[in-house]
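Asks: First, the structure itself, so that you have it in front of you.
The values are calculated or read from the model by the stated rules, or taken from the named source; none is laboratory data. Small disclaimer: the values here were computed from a predicted structure and weren't measured. Using ideal geometry, Cβ is built from the backbone for each residue, glycine included, and neighbour counts are taken over all protein chains shown. Remember, those area values only see protein heavy atoms, side chains included, never the ligands or the DNA or RNA. Shrake-Rupley method; radii C 1.70, N 1.55, O 1.52, S 1.80 Å.
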Amino acid sequence: MINRSRSAALFDKAKTLFPGGVNSPVRAFGAVGGTPLFIEKGDGAVITDADGNRFIDYCCSWGPLILGHNHPAVRQNIMEAVSKGCSFGAPTRYENELAELILDNHRYLERIRFVSSGTEAAMSAIRLARGVTGRSKIIKFDGCYHGHVDALLVKAGSGLATLGTSSSAGVPEAYARETIVLPLNDREALEEAVLQYKDEIACVAIEPIPANNGLLIQDESFLKFVREITRREGIVLLFDEVISGFRVGFEGAAGYYGIQPDVMAFGKIIGGGMPVGAYGSSREIMAHIAPEGPVYQAGTLSGNPVAMAAGAAQLTECIKPGFYQDMEARTARLVDPIMAHAKNQGYAFSIFTRGSIFWLAFSDKVHIRKSSEIDPDSMKYFNVLHAELLNRGVYLGPSGYEVGFVSAAHTNDQIDESAEAFKAALDAAYQAAE
Ligand SMILES: *Cc1c(COP(=O)(O)O)cnc(C)c1O
C-alpha cells in the first residue's frame, strides 16, 4: 500500500476548512474510499502527491490537460502574460488571439464569448437560447452533465416526457419544471416531448459525446435526428462540448459527426488548465448577447489574459497536423492490450473510447448508450481496480462513472507500463469479486 500519511494530514486539516474537505465533491474519494491524494506537482503525464508517490495520470484534471501537466509552451505563455499583470477588466490582445485561433479553425463558429467555467458557459448558452426563442422550457438527457446550473440539476420525473424534479437541494421545483429530462438515444421519447410541449421548448441541450456518466456513445442517427427535429421546430440545439470540444478533434463532436448545432458550450481544454469557458454560435445568434443584444451576460474576470494565454498556447499545439490521430493511436496502445487480456481471462469487461477519452465498463454489453444501462453494482470492480492502480503507480479519477483521458504527454513507455498495471489491477478486481 502506498504511504498517504501527508495527504491524510492535509485532508484532516481540509475537513476543518471546506465541506467534506474539498472544493468539488468527487475529489473527496467518496466512491472509492480512502484518503484523497493531495497533489504536489505535475510534469508531463506524471503527478506527484504530498507523500512523494508518483503516478501516471489519466485524470488530467478531468480533461483540460490534453498536453499533460506543466507543458513548456503553456507555462511560457502564462509566465509572459502574468509578468504584465493578472487582470485589467479591460480588453487585451490575448482574447483576440485565442478567439481567432478558435474561429479560424472551427467551421461552425462565427462569434464566441469567453466566461470562466463550463458551468457558466452552459448556463449562458441556455439563457441565450431562451432569449433567442422567447420560450422557456429546455430538454436535457438523463446521463448528460452540464455543470451545476439550477435548471440542469434536474432528474427525470416518473413516466415518459414528464417534467423534471430537482436533483439537488436548493433548486426550486419551479425551475425544475422548466426542464424536461429524457433518456439518451431514444427518438420516440424526444418526438413525444417535442409534440407535447411544442411551442414552449427553447433549447435541447446534449453532450454529443456524453462523458460524465460513463461514456454513452450515441447512435449517429440519433444525433442527426436531434438536429432535424430541433431545426423543424425552431428549437435551439445546444451541443455541450465542454469535454468533447478540442478533445475528439479541434472541432469537437460537431466536427466529428459533421453536425452543426446552433450553439456550443466549451470549457476544460479551451483554458489550458486555467479557468476558462466559452459559448459560441453564428453571428446572428450571438448578436442577441449584450452589449449587442438584450441577453445579459458579463464577467469581472472573463477573458482573463493569463487564462487566455494558457488556452492559446494549448490550442496552438492541438491545431498542428496529426495531433488528433496521434492521440487516438496512444489511446489504442493503452486500451488494446488491456482488452485483449480481459478477453483472454473471460472477464465481462469492456473499454469504450472516443478519441482520447476512455471509460471502463465492467460489463460485456457491446453498447452502453443510456445511463440506465450501467449496472450500479459493477462499480465494486472499479473501486478495487482504482486502489490496485494507485498501488501500481497509475491514477484515475476516483469514480467508476468518470472517464479517463490520455494526453499528448503520455509516452509509449508510460502507456505500456500503465497497460501492465491495468491488467494486474483487473485480475485483482475480478478475484476480489468472486
Ligand atoms: C465539466 C463539464 C461541465 C462543467 O464545467 P465546469 O468548468 O466544471 O463548471 C459542463 N458540461 C460538461 C459536458 C462538462 O464535462
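Asks: Is it true that some residue in the stretch 112-125 is more than 29 Å from G273 (Cβ to Cβ) and small (G, A, S)?
Replies: Taking every residue of the stretch 112-125 in turn, none turns out to be more than 29 Å from G273 (Cβ to Cβ) and small (G, A, S).
Asks: Specify the residue that is farthest from the ligand (Cβ to nearest atom); the eligible residues are those in the stretch 71-130 that are of a type in the set (K, R) and over 22 Å from C318 (Cβ atoms).
Replies: Restricting attention to the stretch 71-130, the residues satisfying the condition of being of a type in the set (K, R) are 75, 84, 93, 107, 111, 113, 127, 130.
Checking which are over 22 Å from C318 (Cβ atoms) leaves us with 84, 127, 130.
Details: K84: 26, R127: 15, R130: 18 Å.
Looking at residues that are of a type in the set (K, R) and over 22 Å from C318 (Cβ atoms), I get K84.
Asks: Looking at this structure, is F114 among the aromatic types (F, W, Y), at pLDDT 95 or above and surrounded by fewer than 13 Cβ atoms within 10 Å (Cβ to Cβ)?
Replies: No; evaluated as a whole, the condition is false for this residue.
Asks: Do the conditions hold for L190, that is, is it in contact with a strand residue (DSSP E or B) (Cβ under 7 Å, 6 or more places away or on another chain) and more than 13 Å from the ligand (Cβ to nearest atom)?
Replies: So L190 fits the description; yes.
Asks: If you don't mind, there's one more thing I want to ask. Any residue in the stretch 195-215 that is open to solvent by 10 Å² or more (accessible area, probe 1.4 Å) sitting within a Cβ distance under 6 Å of a residue that is within 16 Å of the ligand (Cβ to nearest atom)? List the pairs, counting only those 6 or more apart or interchain.
Replies: Within 6 Å, the pairs are N212/Y145; N213/G143; N213/S371; N213/Y401.
Asks: Now for a different question. What number of residues within the stretch 314-348 are touching a residue at least 12 places away in the same chain (Cβ under 8 Å) and in a loop (DSSP other than H, G, I, E, B)?
Replies: Of the residues in the stretch 314-348, 3 are touching a residue at least 12 places away in the same chain (Cβ under 8 Å) and in a loop (DSSP other than H, G, I, E, B).
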